[in-house]
Amino acid sequence: MSNKFIILDRDGVINVDLFDYVLEEKTFEFEQGSVNALLKLHKNNFKIIVVTNQTCINLGLISAQGISDINNYWIRQIEELGGSILHTEVCPHERNENCGCRKPDTGLLESAEKKLNINLKGSYFVGDKLSDLECASSYGCKPILVKTGYGGMTLSESLPSETKIFENLEEVVNWIVD
Ligand SMILES: [Mg+2]
Ligand SMILES: [Zn+2]
């Protein structure tokens, strides 16, 4: 059986978007239903890849290691519950750096493909911002918008035509799996 991959944005999808940066473990709060959703994906043989813009790094608000520690913190909680996150990709750059990996650019997906020797084309990609949906669409992934985080605001933007819309990650996963 071929591997199934799913790409997830982090803030506003997995955890509550603070409309500010998550710079400490104690401000990382799972979105309602997202833990169950992550566990259900794992149970159903989906390999989860998280792709996240964290401009706070190059703004000097936190180190790359600090972001990595926060990710390890929540991923460990998922693992203790029997789940698994295959891989995480972080863009540390500011918009004006033109890095090629800041979503909606697709460098994070390319990087994950290279490191893991996988193909992400055709995979579901769940996000709460237009930049997630545009990244998904331009790379040949299936864009899914959740209404959590910035999602409510993103609804009024001009979305890629193939975008599917759900209340939150748990609803997305129920739709994909059931
Ligand atoms: Mg987000
Ligand atoms: Zn970048």
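The values are calculated or read from the model by the stated rules, or taken from the named source; none is laboratory data. Predicted model only: the values in this text are computed from it and were never measured. Please note: Cβ atoms are built from the backbone with ideal geometry, for glycine as well, and neighbour counts cover all protein chains shown. Areas reflect the complete protein model, heavy atoms only, side chains present, ligands, DNA and RNA absent. Shrake-Rupley method; radii C 1.70, N 1.55, O 1.52, S 1.80 Å.
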Order by protection proxy (mean Cβ within 10 Å, highest first), peptides 160-171, 56-67, 145-156: 145-156, 160-171, 56-67
Per residue, how large is the accessible surface of the chain? Use a 1.4 angstrom probe and give square angstrom. 48 Å²
So what's the net charge close to GLN32: Lys and Arg +1, Asp and Glu -1, counting the other residues with Cβ under 10 Å from its Cβ? -4
In debye, nearest 20, what is the charge dipole magnitude of the chain about its Cα centre with +1 on Lys and Arg Cβ and -1 on Asp and Glu Cβ, if you could check? 600 debye
Full-extension gain in nm, LEU155 to ASN36, via 0.36 nm per residue minus C-alpha separation: 40.4 nm
Give the calculated FRET efficiency between ASN45 and LYS121 to the nearest 0.05, with a Förster radius of 22 Å applied to their Cβ-Cβ distance. 0.75
Given labels modelled 7 Å from the Cα in the Cβ direction, how far is it in nm from VAL177 to ASN58? 3.6 nm
Of all DSSP beta bridges in the chain, antiparallel share, percent nearest 5: 5 percent
Roughly speaking, to the nearest percent, how much of the stretch 4-177's 1.4 Å accessible area is carbon and sulfur? 45 percent
Sequence-distant aspartates and glutamates (8 or more away, or on other chains) whose Cα lies within less than 19 Å of LYS43: GLU79, GLU80, GLU170, GLU171, ASP178
Length-normalised contact order for the chain - Cα pairs under 8 Å, 6+ apart - percent: 25 percent
Select from ASN119, ASN168, GLY12 the residue farthest towards the positive end of the dipole of the chain; place +1 on Cβ of Lys and Arg, -1 on Cβ of Asp and Glu, and compute about the Cα centre. ASN119
